[in-house]
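A.B. asks: One structure coming up, written as structure tokens, with questions to follow.
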Amino acid sequence: MLSKLKGLFSKNKNPLDMPLNKLNESKIKLDIQVKKLEDELSKIDDQITMLFNKAKSSKSKSEELTIATKIKTLSQRKKQLQNVHGLLNKQMRFVDNLLVIKENEQILKSTPLWNILNSMSPQELENHLINMKINSENIIGTLNNALGITDDMLSSASEEHDEDIADILNTIHAVKEGELDIDDAKEIISEEKEKEEEDDFEKELKKILEE
């Protein structure tokens, strides 16, 4: 199973290109594998408990040694399974987070954040997705915080600078600082829009007059 998963999550492939149905299939397979491992770990624990209870009534050093050897073998097996369990849990986090991203792909593609995610190497993106928990209710904010993405990084990733958005953000900051109340802020935004429309009208009129 692990070899199949390694093939699915190839280091040379961009995880963002993985189809949603394949991700859901992977999640189901991982769930099954994790459940099997947990069942086996539970059985080993029961066997170790039984052996310790048996050791209580052992009659000889030889019998104690036999029981101790069995406990050691089971303990080693348990440790191996725990290591595999840990790896599968990492893959589960990776798949769960990637699913959230793919389910919100259209939203993310409308922001500079998608370009940042897409520019990461497969290994870098996988490492991030293994070590975070994405909140689907506020995916953009959660990803920004989890990836340590700053406003400057988002600005540089954006293909174009929207002056209208920049003006609105400045107005928002003024409201947050108490320099403006909301009614004044709305009026400022409205006045800027009207001025822009007047400027456009004057330009068009000038063109007509020059013809």
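The values are calculated or read from the model by the stated rules, or taken from the named source; none is laboratory data. Just so it is clear, the structure is predicted and the values come from calculations on it, not from any experiment. Every residue, glycine as well, gets a Cβ built from its backbone with ideal geometry; the counts of neighbours run over all protein chains shown.
A.B. asks: Within the range 118-159, take every residue that is closer than 27 Å to LYS186 by Cα and either surrounded by 11 or more Cβ atoms within 10 Å (Cβ to Cβ) or not assigned by TED's automatic domain parsing to the domain that holds ASP96 (or both) and give me the one that is modelled with the highest pLDDT. If you could, list the steps in order and put the result at the bottom.
C.D. replies: Filtering the range 118-159 down to residues closer than 27 Å to LYS186 by Cα leaves 138, 140-141, 151-152, 154-155, 158.
Filter again for either surrounded by 11 or more Cβ atoms within 10 Å (Cβ to Cβ) or not assigned by TED's automatic domain parsing to the domain that holds ASP96 (or both), leaving 138, 140, 154-155, 158.
Working: ASN138: 78, ILE140: 81, LEU154: 52, SER155: 53, SER158: 49.
Among residues in the range 118-159 that are closer than 27 Å to LYS186 by Cα and either surrounded by 11 or more Cβ atoms within 10 Å (Cβ to Cβ) or not assigned by TED's automatic domain parsing to the domain that holds ASP96 (or both), the one modelled with the highest pLDDT is ILE140.
A.B. asks: Let me spell it out: the conditions are (1) under 43 Å from the mean Cα position of the chain (by Cα); (2) over 26 Å from SER26 (Cα atoms); (3) loosely packed, with under 14 Cβ neighbours inside 10 Å; (4) among the basic types (Lys, Arg), and LYS70 meets all of them except one. Which number is the exception?
C.D. replies: (3)
A.B. asks: Quick one: in the range 1-40, of everything that is at pLDDT 85 or above and outside any helix (DSSP H, G or I), which residue is surrounded by the fewest Cβ atoms within 10 Å (Cβ to Cβ)?
C.D. replies: If we take residues in the range 1-40 being at pLDDT 85 or above and outside any helix (DSSP H, G or I), then PRO19 is surrounded by the fewest Cβ atoms within 10 Å (Cβ to Cβ).
A.B. asks: How many of the residues in the range 58-73 are among the basic types (Lys, Arg) and within 22 Å of ASP45 (Cβ to Cβ)?
C.D. replies: Qualifying residue count, the range 58-73: 2.
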